[in-house]
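These notes are about the structure you will find just below.
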């Protein structure tokens, strides 16, 4: 028997705050409003958070609009590369660079030379890292004072994303319904696609806006983001610690053993900045040190050619590595497909891709065994969810990618991980645990326990900034809302 239409049900009298009337609109206001209010009421009955009462739901029902769109660069943590374990270990008589791996005269040329002619590493595909950790936070404020936070992953050029948000996105956002998230995403993406801006920093800036809108939506409806996405499949998210620090192989082995003692069952180490043999010897030592206790994932940062990628993959396969990440430049999709076919070792890639169309092309060509979308680069939660579902069509798992970031980045990835069926692992940067831009900015850190991160359950992303700490690291003029 079909149940009654919500539009014809007697509208419930809802509690209110601050003297705001809870009177229900008359039928003359239209069935659409009645349906909307009834849905919000039913949501309120199933989930109540002490910080968000029924007043929150009532005020949204009457048409909250976006009033302000702002972004703030934040920076700290000099020597990000060193803290993230992104330098080659000492080789060939102890030469070890003391500055960026790309800096002439740093000793990196010697480290890359290798013992043999074919063992060298040209390193020409390495990206540039900022001198210090930087991130771009996005703040969206509604006309009744709700605040949503997002993050654009744009090192080392956060000002580029900042200008895109200010000049291109903000004028399109002011006055819009903040819950029209998918429609807003489509409009912002379309605004420059015919001019060729359909990936890269354009999508990073869009990601920051999108994540902030999901934070607003969760707060408006009193729900954690994962519930709005249809989850959770899980609320304890298995994670791996990335960035095994140390300037020598012995130091990195000791660091890997400490990670196991802390409960991590997987970790990721970096190669590609030293000569091929020396790089792999270091990884083999780490794998042996934690064998049977933790998986060791290996990130090559896209530096190899077809020959060296295959050789490295086969050697890591014999050693028992967990996966080989980004062994080739991202443009070489055919090379990735050939490598996936040649190795039993899983090949992971995708942190460079930004849209479902880009991922579909890789997946259609069987050019990835695991995909690694970065929620703060790949268009935010809206596009990230679509990417995960595209991957699921090909029976391929996905993992959260994270690196230079704040807790907003990590929380957004965790909510998406909680709400998708084919999620595998979440990256947890080792530098995140000590960075002043991470947990130190929060009133309540994201919980880690025994190899898992716990998804925040408060409305929205579930993270709250310590305004004093945030202001201390903001590189632009900043003031709290209200």
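Of the helices (runs of 4 or more DSSP H) lying entirely inside segment 259-369, those carrying at least 1 residues that are under 18 Å from residue 396 (Cα atoms) are 333-342, 356-364. Taken over segment 203-238, the criterion of being more than 16 Å from the chain's Cα centre (by Cα) and in a helix (DSSP H, G or I) is satisfied by 216, 217, 218, 219, 220, 221, 227, 228.
Can you tell me which of 447, 427 is surrounded by 15 or more Cβ atoms within 10 Å (Cβ to Cβ) and under 22 Å from residue 239 (Cα atoms)? So that I can check it myself, show each step before the final result.
Numbers: 447 fails: surrounded by 15 or more Cβ atoms within 10 Å (Cβ to Cβ).
After ruling out the rest, the residue left standing is 427.
Counting the residues of segment 239-258 that are in a helix (DSSP H, G or I) and in contact with a strand residue (DSSP E or B) (Cβ under 8 Å, 6 or more places away or on another chain) gives 2.
No other residue among 341, 367 is buried (at least 21 other Cβ atoms within 10 Å of the Cβ) and at pLDDT 95 or above apart from 367.
The values are calculated or read from the model by the stated rules, or taken from the named source; none is laboratory data. None of these values were measured; they are calculated from a predicted model. Cβ coordinates were reconstructed from backbone atoms using ideal geometry, including for glycine residues, and neighbour counts include every protein chain displayed.
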